[in-house]
1. What pairs come out if I take residues in the range 1-24 that are more than 14 Å from residue 45 (Cα to Cα) and pair them with residues that are modelled with pLDDT under 95 and surrounded by 16 or more Cβ atoms within 10 Å (Cβ to Cβ) whose C-beta lies under 6 Å away, six or more apart or interchain?
2. Identify the single condition in (1) part of a helix (DSSP H, G or I); (2) under 21 Å from residue 45 (Cα atoms); (3) in contact with a Gly (Cβ under 7 Å, 6 or more places away or on another chain) that residue 221 does not satisfy, given that it satisfies every other one.
3. Taking the condition among the β-branched types (Val, Ile, Thr) and at pLDDT below 95, does residue 100 pass?
4. Could you tell me whether any residue of the range 83-90 is more than 15 Å from the chain's Cα centre (by Cα) and touching a residue at least 24 places away in the same chain (Cβ under 8 Å)?
5. Can you pull out every residue in the range 106-142 that is part of a loop (DSSP other than H, G, I, E, B), touching a helix residue (DSSP H, G or I) at 6+ places or on another chain (Cβ under 6 Å) and in contact (Cβ under 8 Å) with a residue 12 or more places away in the chain?
6. Give me the residue from the range 224-250 that is touching an Asp or Glu at 6+ places or on another chain (Cβ under 7 Å) and part of a helix (DSSP H, G or I) and, out of that set, surrounded by the most Cβ atoms within 10 Å (Cβ to Cβ).
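The values are calculated or read from the model by the stated rules, or taken from the named source; none is laboratory data. All values derive from a computational prediction rather than experimental measurement. For neighbour counting, all protein chains shown are included, and Cβ atoms are generated from backbone atoms with ideal geometry for every residue, glycine included.
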Amino acid sequence: MLLEVKDLEISYGKKVVVAGVNIELEKGEILSIVGESGSGKTTVIRAIMGCLPGAGRVSGGTVIFDGKDVLQNTRDQWRDISGKQISIIFQDSGSMINPIRRIGDQFIDYIRAHAPEKSEDEAYKMATDMLTNVRLPNPDTVMNSYPFELSGGMRQRVGIAMAIVFSPKIIMADEPTSALDVTIQVQIVRQIVDVRDQYNVAVIIVTHNLGVASYMSNKIMVMKGGRVVEGGKREDVIGNPKDDHTKQLLRAVPVIGAERYI
C-alpha cells in the first residue's frame, strides 16, 4: 500500500474541523475527493503533505506513506520528500509562480533546490524535457517567458511539469481545473491521466465536479462539513450512491439531450 490514512482528525486550535478520514491508495490509482466549498477537501491533502497553515494540526489518526508514518517527520524529513516523493499541483499554478521572474529561472531554482548536485545546464534540460512531456510547444520560449505572457492553461501545464519533474510517487492536485475555461479543463484532466499512465504515479485530486471525478478516478470520496459521507470504488459511488449529498452532487451534473454527462 503506497498511502494509508486511518481515522485522520484535523483541528484548528481546539476546534475539530475534519474527522474520520480513511484512505487507501496504491501506485497508479486516482482518488477524487469531492465536495462543496468548505467541506474539508483541501485540508485533507494539506494534512497528508504536512503543510497545514497557521494553527492547523493533525489531532488524531495516522498517515502511512510508503511504509512510514509521515506525521512523525521532522522539518528536514518533510523537505526531503516534498517535491520529490510527494508533490502538488495548485488550483492556479500562476499564483505560485513569482510574476516578475522568468519561468526558466524559477524552474531551474526549483530543481536545484531539491537536487543541488545538478548543474544549471542539467536542470535546464530536465525542465525543458518536462515541458515537452506536458505538451507545451516551444519549451525554450516558455522558459524565457514571464508568467503573465502565458495563458492560464499554459501556466497550469508548467505547474504539472514542476510537479512531475522528479517522478514522485504521489501527486496532490488541488482543484487544478477550476480557474480554467471548459475546453482547457478537459485538456488538463486528460493531461493528469496521461501523467498517471506514463509514470504510474498515484493521484489525489480535489474537485467539486463529480463529472470530472467520474471520468478520471478509480476511487471517489465525498465530503460534507468536514466528514466523509460516502466513499469507495468509482462505479459503486456513481452507480449506486447511498448518501443524499452524493445524490445531490450527481443531480448537479449537466444533462444535455436526456444524457447526463458523467
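1. Pairs that qualify, where the first residue is more than 14 Å from residue 45 (Cα to Cα) and the partner is modelled with pLDDT under 95 and surrounded by 16 or more Cβ atoms within 10 Å (Cβ to Cβ), are 12/56.
2. (1)
3. Working: among the β-branched types (Val, Ile, Thr): yes; at pLDDT below 95: yes.
So residue 100 passes the test.
4. Of all residues in the range 83-90, those more than 15 Å from the chain's Cα centre (by Cα) come to none.
No, that holds for no residue.
5. First pass over the range 106-142, keeping only residues part of a loop (DSSP other than H, G, I, E, B): 115-119, 134-138.
Adding the requirement that they be touching a helix residue (DSSP H, G or I) at 6+ places or on another chain (Cβ under 6 Å) leaves 118, 134, 136.
Those that are part of a loop (DSSP other than H, G, I, E, B), touching a helix residue (DSSP H, G or I) at 6+ places or on another chain (Cβ under 6 Å) and in contact (Cβ under 8 Å) with a residue 12 or more places away in the chain: 134, 136.
6. 237
Quick grid of which residues meet (1) surrounded by 15 or more Cβ atoms within 10 Å (Cβ to Cβ); (2) modelled with pLDDT of 95 or more; (3) among the β-branched types (Val, Ile, Thr):
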| position | (1), (2), (3) |
| --- | --- |
| 55 | no, no, no |
| 75 | no, no, no |
| 81 | yes, no, yes |
| 84 | yes, no, no |
| 92 | yes, no, no |
| 95 | no, no, no |
| 107 | yes, yes, no |
| 111 | yes, yes, yes |
| 117 | no, yes, no |
